[in-house]
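Only one structure is covered here, and it is reproduced in the block below.
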Amino acid sequence: MISLGIGLIGTGYMGKCHALAWNAVAAVFGDIPRPRLAVLAEASQELAERKAQELGFARATGDWRSLVADPDVDVVSITTPNAFHPEMAIAALEAGKHVWCEKPMATRLPDAERMLAAARASGKVAALGYNYIQNPIVRLIRRLIDEDRIGTVNHVRIEMDEDFMADPDAFFYWKSEASSGHGALDDFGVHALSLIWTLFGGVRRICGHMAKPYADRPVKDGGRRAVETYDIATTLIELDNGASGVIALNRSAWGRKGRIFVQLFGSKGTIVYDQERMNEVQLYTADGAGDTQGFRTILTSPQHPPYDKFIPAPGHGLGFNDLKIVECRELIRRINGEAAHLIEFEDGIRIERTVDAIARSAHSGAWMDVAADEGRQTA
Ligand SMILES: NC(=O)c1ccc[n+]([C@@H]2O[C@H](COP(=O)([O-])OP(=O)(O)OC[C@H]3O[C@@H](n4cnc5c(N)ncnc54)[C@H](O)[C@@H]3O)[C@@H](O)[C@H]2O)c1
């Protein structure tokens, strides 16, 4: 197994998260050569140099295209705002690099389809940043479903809420621009759909609704600007397996900080999970005497892989950045030709097609058939 050369584009919230993962993955898992942190790209040379120093990269550039062309780089982490993903990912794949691109894949379905075509043509690994599926608790939930512990799952409800857009006077920024996509759908909806994909598979039919809680926001250098994206989205869904469900998203939900509230209702029980309490899951099974039935709390422990790679003691808890380290290990597994727990462009396109259908449904008011949209090129 060779040591991979890493190129990182962007060093904001997720750029740091990727950098921490690349720094830690060999130490945590202990079974792979340490990746070489080769080149970091930022919007300016000055910022790139400062961040390369902080995050441990050997070289810095203000021109991401030179990073993509660099022979020392085997894998490109793309952590820039959404609108950059297609151009950067396609360039990296065409240069023969593996790609680890943050979600959403793209802001328009035709761009995501082009990214998929580039991945197929390159033969390289092209993975998406769906870190929440890497939580050991999510693997446990999958196992509980597979073991029929809650019977046939007939209803799935996922809410994702945060409050970073809750203040009506929060500044207009890239997530308020139409170039970033539809809004809560690209920000949160794709995460909800990544969990559904991991636990159950695809979505067959949807009926969406999107809302703007605030019509405009202040601009840093004065005045106000009309908000172009929808901070709230609600969708009725019907899964490929026939289960019904609801996805409710709000990035202007005061008090909610990192909530992904998942409720899975089955014929024999219920599973409840909340990302704000990411080290526990609630399990209700409709067995035993009725007077002592109730939800019980299962805490993560070394019995829930790969928790054991981080901490030998149960109940001590992983954190958000740890999920990226797990995702990084899965990516390396995939690059080495092994099976991996990862959403690649090949499956991620189903998520993009679902998001596209939800947005069109929200504008038309009609139910949409997602499966029928396969290969469809929308404007
Ligand atoms: N997987 C997750 O849980 C998760 C969480 C948050 C954000 N994200 C995704 O990560 C991406 C980035 O979001 P963020 O919150 O980190 O944004 P951010 O604004 O914090 O960081 C973006 C970075 O990209 C840099 N950048 C912009 N243009 C560039 C260019 N031309 N060349 C090089 N660098 C450039 C910026 O300077 C900044 O450092 C988005 O696509 C977002 O959807 C994913």
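A few comments on the model shown:
- Among beta bridges that DSSP assigns inside the chain, antiparallel share in %, nearest 5: 60 percent
- Per-peptide average of other Cβ atoms within 10 Å, ordering 336-345, 199-208 highest first: 199-208, 336-345
- For peptides 23-31, 324-332, sequence by mean Cβ density within 10 Å, most packed first: 324-332, 23-31
- Per-selection Rg to Rh, region 1-153 - Cα, Kirkwood hydrodynamic radius: 1.03
- Farthest toward the positive end of the dipole of the chain, out of SER66, ALA52, ALA112, is the Cα of ALA52, where the dipole comes from beta carbon charges about the Cα centre.
- Using a cut-off of 30 Å between Cα atoms, the listed pairs LYS97/LYS324; LYS103/LYS268; LYS103/LYS212; LYS268/LYS324; LYS257/LYS309 include LYS103/LYS268; LYS268/LYS324 as exceeding that distance.
- Per residue, the chain exposes 40 Å² of solvent-accessible protein surface, assessed with a 1.4 angstrom probe and all protein chains in place.
- Relative contact order, percent, the chain [alpha-carbon distance under 8 Å, six or more residues apart]: 19 percent
- Inter-label distance, nm, simple model (7 Å from Cα along the C-beta direction), VAL246/TRP367: 1.7 nm
- Fraction of accessible area attributable to carbon and sulfur, region 276-337 (%, probe 1.4 Å): 48 percent
- Counted as membrane-span-like here are DSSP H helices of the chain whose alpha-carbon atoms extend 18 Å or more along the helix's own axis and whose Kyte-Doolittle mean is -0.5 or above; these are 13-29, 109-122, 320-335, 345-364.
- Volume per residue for region 242-286 equals 82 cubic angstrom (convex hull of Cα atoms).
- Counting every alpha-carbon pair across region 75-141, the share separated by more than 13 Å comes to 60%.
- If you take the Cα centroid of region 60-105 and the Cα centroid of region 154-232, the two points sit 25 Å apart.
- In whole percents, the pair-distance distribution calculated for region 11-78 from its alpha-carbon pairs, binned every 10 Å from zero, is 22, 55, 21, 3.
- On full extension, the segment bounded by ARG360 and ASP287 gains 22.0 nm, given 0.36 nm per residue less the C-alpha separation.
- Heavy-atom surface analysis with a 1.4 Å probe gives region 32-140 a carbon and sulfur content of 48 percent of its accessible area.
- Largest first, the extents of the alpha carbon coordinates of the chain on the three principal axes equal 65, 51, 40 Å.
- Region 107-256: radius of gyration over Cα atoms, expressed as a fraction of 2.2 N^0.38 Å: 1.20
- Think of the chain as having a plus end and a minus end, set by charges on the Cβ of Lys, Arg, Asp and Glu; of ILE325, VAL355, GLY189, ILE325 sits farthest toward the positive end of this dipole.
- For the chain, size of Cβ-based charge dipole, Lys and Arg +1, Asp and Glu -1, in debye: 180 debye
- All Cα-Cα distances of region 194-273, cut into 10 Å bins from zero to the largest, leave 15, 36, 29, 14, 6, 1 percent in each bin in turn.
- When peptides 239-250, 217-228, 285-296, 351-362 are sorted by average Cβ neighbour count within 10 Å, with the highest value leading, the order is 351-362, 239-250, 217-228, 285-296.
The values are calculated or read from the model by the stated rules, or taken from the named source; none is laboratory data. All of these numbers come straight from a predicted model, not from anything done at the bench. A quick note on method: Cβ atoms are made from the backbone with ideal geometry, for glycine too, and the neighbour counts reach across all protein chains shown. Accessible surface is based on the protein model in full, side chains and every heavy atom, while ligands, DNA and RNA are left aside. Shrake-Rupley method; radii C 1.70, N 1.55, O 1.52, S 1.80 Å.
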